[in-house]
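Data first, discussion second: the structure below is written as structure tokens.
The values are calculated or read from the model by the stated rules, or taken from the named source; none is laboratory data. Remember, it's a predicted structure, so these values are computed and weren't measured experimentally. In this analysis, Cβ positions are derived from the backbone assuming ideal geometry, glycine residues included, and neighbour counts consider all displayed protein chains.
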Amino acid sequence: MRRALVITAILALGACVLSPELLPRDYVQPAGWKAVLIAGDDAEPAFDNAVDAMADKLVSFGVARANVTVLKADGAGAQAATRESIENAFERLQPRPRDGCFVFVTSHGVPERGLLLKRSRTYMSPAMLGGLIELGCDDRPTVAIVSGCFSGGFAESPAMRTERHVILTAARRDRPSFGCNAGLQYTFFDRCVLDNLIKGVAWPVAMNKARECVADEERRVGAARSEPQMFVGAMTEDLRVFSR
């Protein structure tokens, strides 16, 4: 809505500007990033480990620590992964006009319901996450990584699929993902994502490498294929990993 008003105002002044449809493809490359990282369950340490490692990786890429919100099922106060704290975190994002948003949610998944938010005894559904991104990020380029069993619905949901979104899920909507046990530092999917996020690489390339990594891990242990799902919006095909 804000974007439409700005464009209308510019046209009213007779400025010589490109319409949004004619802007160069790299127009959406953010100058900065705002991030929300959520560990929805604490039944195993892998979820907390993943959001902590992701926060460190973002900072190593030049994202200011103050721009990275980490919420956990075992967090205290405003850092708890409750529905209220999650909504507040998205409301506080307030990205600048050339910022992008990054969202990482990792937890146990339930078929057709979404990812468990243990503290609120509810689930993060695709509709809920899509609404939160709209609330906090508006029309900014947004990368959403959703890690949990049966999470493929997030890549299929109309609430999530927009031209400015990139979405990667840990599994197909009817498949489990693997690595949720106390003996592993991360789930298969989370480790593969962390290992393949390389600054400056196109997001779709990094995500395809993560999917290949997951398939290799599943073959190694003889697990069924989880088949991580990916959606890339028309304006985010060239979006780069935390590059300015």
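For this structure, a couple of remarks:
- Of all residues assigned to segment 141-148, none qualifies as being modelled with pLDDT of 95 or more, more than 13 Å from the chain's Cα centre (by Cα) and not in a strand (DSSP E or B).
- Which numbered condition VAL214 fails, given (1) under 17 Å from the mean Cα position of the chain (by Cα); (2) surrounded by 19 or more Cβ atoms within 10 Å (Cβ to Cβ); (3) assigned to a helix (DSSP H, G or I): (1)
- Matching residues, segment 216-237, being farther than 20 Å from ASP174 by Cβ, touching a strand residue (DSSP E or B) at 6+ places or on another chain (Cβ under 6 Å) and of a type outside the set (Gly, Ala, Ser): VAL232, THR236
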